[in-house]
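Some notes on the structure that comes next.
The values are calculated or read from the model by the stated rules, or taken from the named source; none is laboratory data. Keep in mind that what you see is a predicted model, and the values were worked out from it rather than measured. Backbone-built Cβ (ideal geometry, glycine too); neighbour counts: all protein chains shown.
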Amino acid sequence: MIVKSTLSSDSKYNREEVMAMHFPRLLDLRQDADKTQKEIAALLGIDQRVYSNYETGKREIPVRYLIILADYYDTTIDYIVGRRK
């Protein structure tokens, strides 16, 4: 669990709060770029259904995909995960 392992016991965020933070941004970024889930999934080399689960918060997105998406959307991982506006 990527998110769980990066949160220390004294973190001000719990796992659910972190999950809720970054999935809406994935959807917003994709829609702003006029891309489909299938196109972004192809960029990541995964199935569209897997990517859909990342956007909806049903699965945690691996850090390696966050890095690719941050580069693709010309933003930061901090923005995607809700640490910056």
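The figures follow:
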| read-out | value |
| --- | --- |
| Of the criteria (1) among the small types (Gly, Ala, Ser); (2) in contact with a Phe, Trp or Tyr (Cβ under 7 Å, 6 or more places away or on another chain); (3) surrounded by fewer than 13 Cβ atoms within 10 Å (Cβ to Cβ), which one Gly57 fails | (3) |
| Scope segment 41-75; condition at pLDDT 95 or above and outside any helix (DSSP H, G or I); matching residues | Gly45, Ile46, Asp47, Tyr73, Asp74, Thr75 |
| Residues that are of a type in the set (Ser, Thr, Tyr) and not in a loop (DSSP other than H, G, I, E, B), drawn from segment 76-85 | Tyr79 |
| One residue from Lys85, Lys38 being modelled with pLDDT under 95 and either exposed (fewer than 14 other Cβ atoms within 10 Å of the Cβ) or in contact with an Asp or Glu (Cβ under 6 Å, 6 or more places away or on another chain) (or both) | Lys85 |
| From the options Tyr65, Tyr51, Tyr73, residue that is surrounded by 13 or more Cβ atoms within 10 Å (Cβ to Cβ), out of contact with any Ser or Thr (no Cβ under 8 Å at 6 or more places or on another chain), touching a residue at least 40 places away in the same chain (Cβ under 8 Å) and of a type outside the set (A, V, I, L, M, F, W, C) | Tyr73 |
